[in-house]
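What follows is a set of notes on a single structure, which appears directly below.
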Amino acid sequence: VATTPFGHSAPLKKPTPSAYKELSELYTGSVTADNLLSILSQLGGDWSAEWQKALKGEDIFAEDNIQSIIGDGSRTYTAGQGARPSNIEKLYQDILHALMQDIQRFLRVPGVYQKLQWTDSHATPTEDGRKPDGLIHVCGPGVTPSWRSAVVVFELKSDNHKQSDPVLWGQLLWSFISMAKNQPRRFTLGLSVSKKGELYVYLCTTEKVRYANIGVLPYCTENIIQATTAVRFLLLVYMQLPKDTGILMHKDGNPSETFRAQDIAYGRSIDSVSDLSDMDITILNDKARCGRREALFGPRTWIFDASVKSATGTENHILKFHWHDDSSEVAVHAKVAEFGVPHTPQLVGAIAIPARDEGSMAGEMLLLKDAGEDIYTFFNTLQSANSHQMTEMFAGYFHALLAAATGDGRKFVLHRDVSARNLLVKNMHPFLIDWGCGIVADIDMPRVASNYAKVGTAPFMGLRVLSECPNRSLIDDLESLFLVFAYCLWLRYGTIPADDNKYWDGTATTDELIRFRIGWLLCEDSLIDQMKLNGCPEELRNLATAMYGLVYPLSKVSLYKIRKDVTDPRLAIFNAREWVAAFDTAAASSKSPYITRINLELLRKYVENTPECNTPRVDTVLLQPALNSGDKGKEPEVAISLSSLQLDQIPEEPASPSPLERGKNTSQAYNLRSKKNDIEAASALSGLKAKRGDRDDQAGPDAGESSTRSKRTRK
């Protein structure tokens, strides 16, 4: 199941010039020119101080050392002056390779280079099939050249290409994403050689890419200062990167080594939720198993299997690292634990790394008890005779969402990212994981969290979330819960037409997804008819229809009002006891009616003893003020395009059909009228989006490994 990324998702297709250009265009405005001193200050530490030594020719940067590296040109390098050979790019490749080898030979005496190694990779594919022109990577026992071990990537172009060439930029950006895909970093470095041998450095941080000129390759210029400046900078890289490679979870620069929590702090103070200082952590399987990692900037997440050794022994846990702007998952976990919310994974420990400065990302690392496999994997291997366990699991998930949204009378929590990947099962026990999109809000004064409400996993976002309605509530999470349940049934017992796969794999646009969802959920008959649940146990079919009726109470409120109203009209009629009754009714139709329903009984007891759970709280996110009743059709939150319909074919129908008529889908006039409302609302939205330059971000091919959130900007 694919996801909606936090920000831009990278179109990581087959590496071709057109794909590189597309990636470069996607991040237009995020790559900016800067000066070298500013870039070095961003790297922190003593980079700037060491560069001043380099410019003065002090210590290892002495002029004699620089000249011993460059040599006289006739011995080591192909001459770059005079007649230009036909293959300029190969000339630059030969010069660069020889220069890097000479730098490493020079550094063998001081022993500086031992932690870093240059590899001419232009003829050797990396693990994803790409061939960067060169890599500087950490080295050590068991470490091979790869994106995970790379700390600097090189891209070269001939004299026909300027430094601003979109293909060159796209190659570098793609490499930065690849370097951070399986190893979170606070920065990545790139170097390019282009027209007339000009050498540029690129610094990619969590916010943007900055670049600056650092000279010219030796023997590509008569300007000795430019040539020696380039060599000095390359020496600086070898001297400084071993102290801080930008790789976060490592020991002494080696991403394969066991590390401790304090090793990822890179000089910043850390706030520890529990003491992790005595725990030795080792990443298993050498890479992240999932996460939100297909973007260059903004909040991103990596999830690893990890072995953790402490004074009490060695255990396997889930390690999660994420960059965030204003949404601390540790804080949400703390509140969920304080509320006593059941069916949530145990937080073993966590550390928080403060943001470097205003506008930069903060970091968090969480160690969590393993919560098992995702709900679809569990369900797909579940024997039909045990299908009642699905009712039990979803009773547990509902209980967790309800308890979090009820809170403690002062604050409450909304999950906001219920998806198939975030509902887990271990030893027949349900777990609701990944509270990274969750928010802690005040009951008396709903918190304004952001001005962008589209948060979650696209295929499981509710209609109001897809439509970017301003308020989020428990109802949105329950709508996502129903969609996950329906998805599981559809995949196991139904048949999803090939043309409909895009609605579940994250490749459909928002307009397409809303249009599909409306057609599918218009009435109970259309729900069941489209899913074609042949062989589905009666208990699960009954639970699906009951959940549908609770999430879409169309006898009381229309889909149009659900999408249109500033406050979800379903809040006024929500009753937790009806959900308990739905689970009871489904259980009563089971072929095993006498099985003990532990999770359902816990839910029943909670609802009976917590009357306030029938007042679901709202997180207010003000996008647009409420409109007067006379402004019908001008509400700008319904992102749907039905322009192919003819307005003159849609008759006015002032009266809504009865529930029976809607259930039988016999009121064509009503359906057409609803579509007319959609057209009017879409027209208003299109005008608004045109003014403010909005766009919908779509999922990348690899985003299916985990759920995520859409681009959000702080109010």
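Just a few scattered comments:
- Local net charge near Thr205, Cβ-Cβ under 10 Å (Lys/Arg +1, Asp/Glu -1): +4
- The listed peptides 467-476, 342-351, ordered by packing as a protection proxy, come out as 467-476, 342-351 (highest mean of other Cβ atoms within 10 Å first).
- Förster radius 41 Å - calculated FRET efficiency between Glu373 and Glu612 (Cβ-Cβ, nearest 0.05): 0.75
- Count Lys and Arg as plus one, Asp and Glu as minus one, and take only other residues whose Cβ is under 13 Å from that of Pro430; the net charge is then -1.
- Per residue, in Å², the accessible surface of the stretch 112-192 once ligands and nucleic acids are set aside, probe 1.4 Å: 32
- The residues of the stretch 520-601 expose on average 43 square angstrom of accessible surface per residue, using a 1.4 Å probe on protein heavy atoms.
- Contour minus Cα-Cα distance for Lys14 and Ile573 (0.36 nm per residue): 196.2 nm
- If the chain linking Asn386 and Ser38 were pulled fully straight, counting 0.36 nm for each residue of separation and taking away their Cα-Cα distance, it would gain 119.0 nm.
- Solvent exposure, largest accessible area first (probe 1.4 Å, DNA, RNA and ligands not counted), of Asp286, Asp370: Asp286, Asp370
- Each residue of the stretch 188-201 was assigned a 3J(HN,Hα) from its phi angle through the Karplus expression (A = 6.51, B = -1.76, C = 1.60, θ = phi - 60°), giving 9, 10, x, 9, 10, 10, 9, 3, 6, x, 5, 10, 10, 9 Hz with x at Gly and Pro.
- When peptides 317-327, 23-33 are sorted by average Cβ neighbour count within 10 Å, with the highest value leading, the order is 317-327, 23-33.
- Here the extension length gained between Ser164 and Glu22 equals 49.7 nm, from 0.36 nm per residue of separation less the Cα-Cα distance.
- Reported value for the stretch 358-446: 124 Å³ per residue, from the convex hull of its C-alpha atoms.
The values are calculated or read from the model by the stated rules, or taken from the named source; none is laboratory data. Small disclaimer: the values here were computed from a predicted structure and weren't measured. Ideal geometry is used to build each Cβ from the backbone, glycine not excepted, and the neighbour counts take in all protein chains shown. Just the protein is used for accessible areas: all its heavy atoms, side chains included, with ligands, DNA and RNA removed. Shrake-Rupley method; radii C 1.70, N 1.55, O 1.52, S 1.80 Å.
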